[in-house]
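Read-outs: derived from the displayed coordinates by stated rules, not from any lab. Just so it is clear, the structure is predicted and the values come from calculations on it, not from any experiment. Note that we place each Cβ from the backbone using ideal geometry, even for glycine, and neighbour counts take in every protein chain shown.
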Amino acid sequence: MPHFRFLAGLLVLGLTAGCKAQSTPAPAPDSALDRRIEVVVRSQFEMPPDVTITIGMRSPSQFTGYETLPITITHGSKAHVVSFLISADSTKLVHLDTFDLTKDPADAIPIEGRPIRGNPAAKVTVINFDDLECPYCVRMHQELFPATLAHYRDLVRFVYKDDPLTELHPWAMHAAVNANCLAAQSGDVYWTYVDYLHANAEEITGQDRDLARSFAALDRIARQEATLGKLDEGRLDACIAKQDETQVQASVKLAADLGIDGTPAVYVNGERVNGGAVPQNELWMAIDRAVRAAGEQPPAMAAPGASGAAGAGR
């Protein structure tokens, strides 16, 4: 189901009623009002036309003068109930988001066991949900390495999480599994493999787009990197042959739970950097905020205009 955009904080939508009715604790169903609510919700939240909206029954709320109004948003076989507030006189609709300030957003993305690039002890962590076949991830990878790493040096560490979009990229899952096979033995070799794939995706895909050949190329490159990194090749061969997707699928589920619907998706100490195109200067501003919050002084920002962009893969 698409992730509908809700404005941050408090959103108050004025509903102009044709006739003002007397205020009552539980107004009778009003089809005209329900339609007005539906139109406002559709327009304000830019919902696709194939989404069905169902207005629920009001119930008491903790806010004086307002009642809770559940609105069910259905797309295909999936339904999501969103709680709004509606004024007792039916002239105002309010949407509130409640956030738990006792939890650090950065803690929602586990990175234990993931290869780290940069200073392992850095107070700022940049997490990228990556698809090794995604062309936009290639551009994001180029934004992060070497420019961002060189700019921040020991102030930042970088971690990749898997989010292969298999419906778009047929060899991305196989690549992620192979990368994790390498990571189980060496974080450094994991990164050389990721670097190679992001720099040579066309070689893997091939002109004929033969998936079996792509898989063979991914395995060959993984073994080459393992040889250069002096890894246990027998252990690697067994891991590659098994193609266990468990670890990757767990990361894919986490991405879905976080509302990620495309790659790359970048977080800086829990702050989601604007999805889709991420110009370098915007990425660095987010990192600067995190560096300052961690009690460090970020390096001087590069001159305006020196920014690339990384796009959304979906």
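Annotations for the structure displayed:
- You can think of it this way: the chain between residue 92 and residue 59 has 10.3 nm of extra reach, that is 0.36 nm per residue less the Cα-Cα gap.
- Spatially proximal lysines relative to residue 92 (Cα-Cα < 24 Å; intrachain offsets below 8 disregarded): 20
- Reachable aspartates and glutamates from residue 78, criterion Cα separation under 17 angstrom, eight or more residues apart if same chain: 50, 257, 261
- Computed on the chain, with alpha-carbon pairs under 8 angstrom and 6+ residues apart, the relative contact order is 17 percent.
- Cross-link pairs beyond the 29 Å C-alpha cut-off, checked among 103/242; 123/253; 161/230; 123/242; 161/242: 103/242; 123/242
- Helix 211-228 and the long axis of the chain differ in direction by around 60°, with both axes built from C-alpha atoms.
- Rounded D (µm²/s) - the chain, Kirkwood Rh over Cα pairs, Stokes-Einstein at 25 °C, 0.890 mPa s: 109
- Ranked 38, 143, 133, criterion: other C-beta atoms within 10 Å, fewest first: 38, 143, 133
- Mean ellipticity per residue at 222 nm, deg cm²/dmol - from DSSP H runs of n ≥ 4 across the chain, formula -39500 (n - 2.57): -10500 deg cm²/dmol
- Gaussian network model of the chain, springs between alpha carbon atoms under 10 Å - residue of 109, 204, 37 with greatest fluctuation: 37
- Mean Cβ count within 10 Å, highest first, over the residues of peptides 233-245, 86-98, 158-170: 158-170, 86-98, 233-245
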